[in-house]
Amino acid sequence: MKLLCVEDNATQRKMVDLMLAATGIDVDFAADGQEALEAYQTTEYDAVLMDMEMPGMSGLQATREIRLMEDGFHLGYTPILFLSANESVERIDMGYQVGGDGHLNKPFTSGALISALDSVMRAVKRRGLTEMKQAL
């Protein structure tokens with residue numbers, strides 16, 4: 001399974017890497033929305049973890065652009081799980097409006113991350129993390 005994690009904070013990227021290391025998920029990292037779009041154009045991902053607030057291109061804008069790419073190039077739909085310290089209902093709703101599939105509040109535990117990722121995978125792909133890993 002291939003995952004893209006878009007996070008501007010280096011410490012947070014390291015934490016996600018450590019949290020997912022035991023799962024066997026192959027994770028690529030991008031530090032902002034523009035890097036995320038560049039990675040998305042060259043690699044097929046099973047899911048994306050997207051920080052909402054980043055300098056330059058925000059996660060909201062990057063998600064909007066990913067959805068436009070999927071539509072314009074007839075690509076498969078990629079689940080996107082937003083990661084954010086802003087847990088306001090309005091902000092979470094904005095994530096869904098631009099094409100996000102779930103939201104996880106920071107800080108989070110590895111169990112919460114894996115559970116949230118599994119939930120968006122099941123909702124979108126009809127297969128959770130276990131089934132995705134077995135298919136490899």
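General remarks:
- Within the stretch 2-40, the residues that satisfy the criterion of being part of a helix (DSSP H, G or I) and either touching a helix residue (DSSP H, G or I) at 6+ places or on another chain (Cβ under 7 Å) or of a type in the set (A, V, I, L, M) (or both) are A10, M15, V16, L18, M19, L20, A21, G33, A36, L37, A39, Y40.
- Every pair of residues 6+ apart whose Cβ atoms lie under 7 Å, when the first sits in the stretch 1-23 and is closer than 22 Å to K125 by Cα and in contact (Cβ under 8 Å) with a residue 40 or more places away in the chain while the second is charged (D, E, K, R) and assigned to a helix (DSSP H, G or I): M1/K133; C5/R13
- Residue in the stretch 12-27 that is modelled with the lowest pLDDT, counting only those that are within 17 Å of M1 (Cα to Cα) and open to solvent by less than 40 Å² (accessible area, probe 1.4 Å): T23
- Lone qualifier among A112, A116 - being closer than 18 Å to A21 by Cα, surrounded by fewer than 18 Cβ atoms within 10 Å (Cβ to Cβ) and modelled with pLDDT of 95 or more: A112
- Filtered by the rule that a residue be open to solvent by 40 Å² or more (accessible area, probe 1.4 Å), within 21 Å of S119 (Cβ to Cβ) and not polar (S, T, N, Q), the stretch 60-90 gives G76, Y77, A85, E87, V89.
The values are calculated or read from the model by the stated rules, or taken from the named source; none is laboratory data. From a predicted model like this one, the values you see are computed outputs, not experimental measurements. Reconstructed Cβ throughout: ideal geometry from the backbone, glycine too, with neighbour counts over all protein chains shown. Heads up: the accessible areas ignore ligands, DNA and RNA and are worked out on the full protein's heavy atoms, side chains in. Shrake-Rupley method; radii C 1.70, N 1.55, O 1.52, S 1.80 Å.
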